[in-house]
Amino acid sequence: HGITNVVNFGNRIPELSDTIIDQIKALVTEQADDEIVEFKPVITPGDEVEISEGAFKGVEGVVIEPISAQERVKVLIELLGQEQVVDIDLYSLLLPRRPQPE
């Protein structure tokens, strides 16, 4: 009930480790039944990212500024030999250099 889509990156559906699933279950069971549990990615200026969809798919860049109210991020990328700042949907980004939880 309430699920509208499966999390994906283009055509790839990511796998979650058992540890992450256990952490999510623990968080959800700690919440009261009437509370909404919201999971948002944590992204900070300086994070290296890869764009996972759209016209810039596969392009790597650096986060300049998260715009949380709009769920968008300003990312510095190299385009045609020049640095450009683009606004990208937060959920279109991969964090390839961030260590994965074990």
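A short reminder: the numbers here are calculations on the coordinates, not readings from a lab. Because the structure is a prediction, the values reported are computed rather than measured. Positions of Cβ are backbone-derived with ideal geometry, glycine not excepted, and every protein chain shown enters the neighbour counts.
On full extension of the chain, what length is gained from residue 48 through residue 25, given 0.36 nm per residue of separation minus the C-alpha to C-alpha distance?
Full extension from residue 48 to residue 25 adds 5.4 nm.
On a full-extension model of 0.36 nm per residue, what is the gain between residue 16 and residue 67, subtracting their alpha-carbon distance, rounded to one decimal in nm?
15.7 nm
Rounded to the nearest 0.05, what FRET efficiency do residue 5 and residue 82 have when you use their Cβ-Cβ distance and R0 = 30 Å?
It comes out at approximately 0.25.
If you count, for each residue, the other Cβ atoms within 10 Å and average over each peptide, how do 70-76, 82-88, 18-24 line up from highest to lowest?
70-76, 82-88, 18-24
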